[in-house]
Amino acid sequence: MCGVIGLVHERPRDDLGVIAGELLETLQYRGYDSTGAVIQGDEVVLKKGVGAPSQLIHSLGIVDLAGDVFCGQVRWATFGAVDDANAQPHVVRCKTFLYGAHNGNVTNCDDLKGWLTERGHEVKSDNDGEMVVHLVEHYFAAALEETDDRDAAMRQAVVRASRQLEGSFAAVVVDPVTRRLCAIKRGSSLYFGVGQDEHGDAFAIASSDLSSVLKRTHVLVGLKEGEYVQFDAKGHEVRVIDGTPEGTVLERTPLRSRLRVEDTALAPEHATFMAQEIAAQPETAREALRMFEGGTPGAQRVAAIARDWSAGAREALDAQLKELRTQYTDDALTAGCEAIAATEAGRALEALDLAHPLVSEERAFFGDLMALCPARAALVRGLDAYVESIEAQELLRGVEASVRTMSDAVSAGRRIYCVCCGTSFHAAKAASLFFAELARVEVIPLLPGEFRGQYAKTIADGDVIVAVSQSGETKDLIDVINGVRADGRQVPLIGVVNNLNSTLAHEKSDVVVPLRCGPEIAVPATKSFVNQLCVFYGLARALGAARGRDVGPAPDIPGLIQATLDGSREAVEEAAGLLYLAPSMHLLATRLLAVAKEGALKVREVVLNHTEGFEGSEFKHGPNTILGFNTLFGPQEVEALLARLARGLADAEDPAAYVRDGLTHSLDALYRDYPLVFITGPERRDVDLTISQLNTHKIRGATTVVVAEEDERLRAAAIKPPANNPGYRAVYIPLPATGDTLMATFTASVALQRLALRMSERKMEYLESLGCRDHGVHPDVPKNVSKSITVD
């Protein structure tokens, strides 16, 4: 996981370094071990070093550079130590002059280093990105001996080098003579966009990160797996890597993105993206669930009148909208809007005079259009509702196809696997509960490694894989899908994904069900997890209904999420104060293991302590040995020990002897009750089990936090101190009353997200007050983890 970017402008810019710095900071969530930039103006200038973009863009002087070409990289280290030599980009001059950088993992890096060294290359690092650039340089130099056409030589070099590189990566390489770039997509995410700057000059940009492209342009050119684009500011050509160097140029129509850079910006009322994304969950959940209902009332009104349009009128409107999305000048957009207003469909949409906010996936585009054409606001709202009605129909078709696929598998006695990683895996574990309760269907949640180890050899035709990924680029998951496809099995694949431009959505899935949670910037997943729960809940209800089960009326999940955020704030704050410096803790769930594991992951990610999620009844089978006296010491324990030693030293008759023996005499100062967080749904049996576990564990030395709907017996069991521990502490975090265990999956998850956030914020403040540097605690970018894992 890293981030790579290439940008070229038609004319030199004095502020290209400032633009480069902004783009590198946008990439920071993808890697912060090192940062680097090459900016080419009158000469090629390389600036790189160890540290995050926010630390280095000024200290290295990147923001002060001028030029017309920029190649940059942020690194999440895999091959090579975290030092200046292994930082990217790499400038090479062994056979010819070239520079570039990559994102991903080249697995034959060590072999390539030997191969290149034997052929006269001066390889200065162990970094696989350097091997990529040297290898392209090697074949570029060879091709230049046979032709004066540098573009053709570069294409030949890209193709030959790519054939020799093993692994998954995206790369940008630059010919400094022609100032033309090649961006290669080979197993990792890569986006390409074109546009005009504020001076009317053309530019083009390629990046492994969509939000960085959106900072410069809304107009994207699609790239698929195994393709590369050769470009400068005025033109681009997309080709297939595995074709001949002079292979056919692929036709790709530029289209406006569905997102704006504002969709990835931090609002003033929030200090972190994690806080912002937690607060957004009532609305993002509503976005996901609304599609199961046919969209908003406005979309349903438009769908009703559109049924009376002629086929020609619908086709003409669709064509005009598609053409409009390819435009990126104000004049062209305004003209296109007026052309639609003059059509039968346009007049009908404008006459509806809808007043609702823009809600379709194209709302960013329609927002821009409304700002350009305020007199046509009613038409633009109608167009937004029309697009939403199409999205709702497409999603419903996806839901129906998913339900049909799963029903066929169940009827044939086949299995349904849900394969995913990290947070998505926890959502899949919750999905298994939803499908069992609502549809009486077994869904098997698996990590990719578990699937390979336990089921890859037994999967059969007619089985179903549900692949879940926020990014749609998760390497472990894509590898599993590729393996199943390579084995020739007839296994339908349902993709549940947020990024509809991703490899999983575009190239791997037979059916796609979108998450509709918008961009998620913070590394810890929050709103994508909740929307995964929403989608799985909706699918389980639909499958249950198709199987003749009474699934009842749809609950107000967005309202419950908001009620959780509003009603648990004080208790969450109290619990965070109790737990944020604990070196270790366990989350114990009754039937809600998915929630405990996800909550534990959130705490581990952003607090950087040891946290585990367990099925509550399993804790007594060994893990409970951690209760009572133990040797897990955190800052509070060490502070207490030092205070005890200081007092003893002041009173000691023999200070030397006390220093020698004081630790033994003061070990009791290290003791603290061990934190346990209990999570349960409201069903009587589950509450009874939780009460039993509470009483069993607190007498052995536990601090208790309970996350549950209000229950007098459960609260009393949690709050009452054991007779042997007058210093016992407990917090009860109340959830909205539903009486429904499935709803507690949503509300408890949100409460634990806020708990992790506040623990992280408080620990970060504490460490910084002590002057600790590089502690790595941060809600948005905790150390060692990244947003989309695109390496093995």
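The values are calculated or read from the model by the stated rules, or taken from the named source; none is laboratory data. Quantities reported herein were computed from a predicted structural model and do not represent experimental measurements. Neighbour counts run over all protein chains shown; Cβ positions are idealised from the backbone, glycine included. Heavy atoms of the whole protein, side chains included, go into the accessibility calculation; ligands, DNA and RNA do not. Shrake-Rupley method; radii C 1.70, N 1.55, O 1.52, S 1.80 Å.
Have a look at the DSSP beta bridges in the chain and tell me what percent are antiparallel, nearest 5.
60 percent
So, how do all the Cα-to-Cα distances of the chain break down into 10 Å bins, in percent, from 0 on up?
3, 13, 20, 23, 20, 13, 6, 2, 0, 0, 0
When the helices in the chain are scored as -39500 (n - 2.57) per DSSP H run of 4 or longer and the sum is shared across all residues, what 222 nm value do you end up with, to the nearest 500 deg cm²/dmol? Write out the running numbers ahead of the final one.
Values: 26 runs with 347 residues, N = 792.
Value at 222 nm, helices only, nearest 500: -14000 deg cm²/dmol.
Just by accessible area at a 1.4 angstrom probe, what is the order of Cys94, Cys517 from largest to smallest?
In descending accessible area the options line up as Cys94, Cys517.
How many times 2.2 N^0.38 Å is the alpha carbon radius of gyration of the stretch 142-205?
In units of the 2.2 N^0.38 Å rule of thumb, it is 1.33.
Given H placed on each backbone N at 1.01 Å, which residues far from Gly613 in sequence or on other chains put an amide H within less than 5 Å of it?
Amide H neighbours of Gly613: Leu587.
Considering the options Ala157, Leu352, Leu642, tell which one lies farthest towards the positive end of the dipole of the chain, charges being +1 on Lys and Arg and -1 on Asp and Glu at the Cβ, about the Cα centre.
Leu642
How big is D, in µm² s⁻¹, for the stretch 39-120 by Stokes-Einstein at 10 °C and 1.306 mPa s if Rh is the Kirkwood radius over C-alpha pairs?
For the chosen part, D equals 111 µm²/s.
Taking 1 over the mean of 1/r across every pair of different Cα atoms in the stretch 1-154, what Kirkwood radius in Å do you get?
It works out to 15.7 Å.
Quick one: in the stretch 333-459, what % of C-alpha pairs are over 16 Å apart?
Values: 5780 of 8001 pairs.
Summing the P(r) tail past 16 Å for the stretch 333-459 gives 72 percent.
Rank these residues by their accessible area, most exposed first, probe 1.4 Å: Ile521, Ile494. Please list the in-between numbers first.
Values: Ile521 30, Ile494 5 Å².
Ranked from most to least accessible, the order is Ile521, Ile494.
With just the Cα atoms of the stretch 129-259, tell me how far they stretch along each of the three principal axes, in Å, largest first.
In descending order, the Cα extents are 41, 31, 28 Å.
For the stretch 597-654, what is the convex hull volume of its Cα atoms per residue in Å³?
100 Å³
Compare Arg216, Arg363 by solvent-accessible area with a 1.4 Å probe and give them largest first, with all protein chains kept in place.
If we order Arg216, Arg363 from most to least accessible, we get Arg363, Arg216.
Report, in listed order, any pair from Lys47/Lys95; Lys124/Lys763; Lys113/Lys185; Lys429/Lys720 with a Cα-Cα distance greater than 30 Å.
Lys124/Lys763; Lys429/Lys720
Go through the stretch 294-299 residue by residue and turn each phi into a ³J(HN,Hα) via Karplus (6.51, -1.76, 1.60, θ = phi - 60°); whole Hz please, and just put x for glycine and proline.
Those phi angles translate into x, x, 6, x, x, 5 Hz.
If you take all C-alpha pairs in the stretch 624-783, what percent of them are over 25 Å apart?
On the way: 6291 of 12720 pairs.
The share of Cα pairs beyond 25 Å in the stretch 624-783 comes to 49 percent.
Rounded to the nearest whole Å², what accessible area per residue is found for the chain with the 1.4 Å probe?
So the chain comes to 39 Å² accessible per residue, rounded to a whole number.
How many percent of the accessible area of the chain is carbon or sulfur, using a 1.4 Å probe?
Summing carbon and sulfur atoms, their accessible area is 49 percent of the total for the chain.
Lys/Arg Cβ at +1, Asp/Glu Cβ at -1, dipole of the chain taken about the Cα centre: which of Val535, Pro726, Ser207 is farthest positive-ward?
Positive-end residue among those listed: Pro726.
Report the dimensions of the stretch 413-501 along its three principal axes from the alpha-carbon atoms, largest first, rounded to Å.
Projected onto the principal axes, the Cα atoms of the stretch 413-501 cover 35, 31, 22 Å.
For the stretch 493-512 and the stretch 514-560, what is the separation of their C-alpha centers, rounded to whole Å?
Here the answer is 17 Å between Cα centres.
Taking a quarter of the surface of the convex hull around the Cα atoms of the stretch 189-330, what do you get in nm²? The partial results should precede the final answer.
Values: hull surface 51.1 nm².
Average of the hull's projected areas for the stretch 189-330 equals 12.8 nm².
Give me the dipole magnitude in Debye, nearest 20, for the stretch 38-127 about the Cα centre, with unit charges on the beta carbon: positive for Lys and Arg, negative for Asp and Glu. Walk me through the intermediate numbers first.
Details: 8 positive and 11 negative charges, 18 e Å.
Dipole about the Cα centre, nearest 20: 80 debye.
Where the centre of each part is set by its Cα atoms, how far does the stretch 713-792 sit from the stretch 374-411, in angstrom?
37 Å
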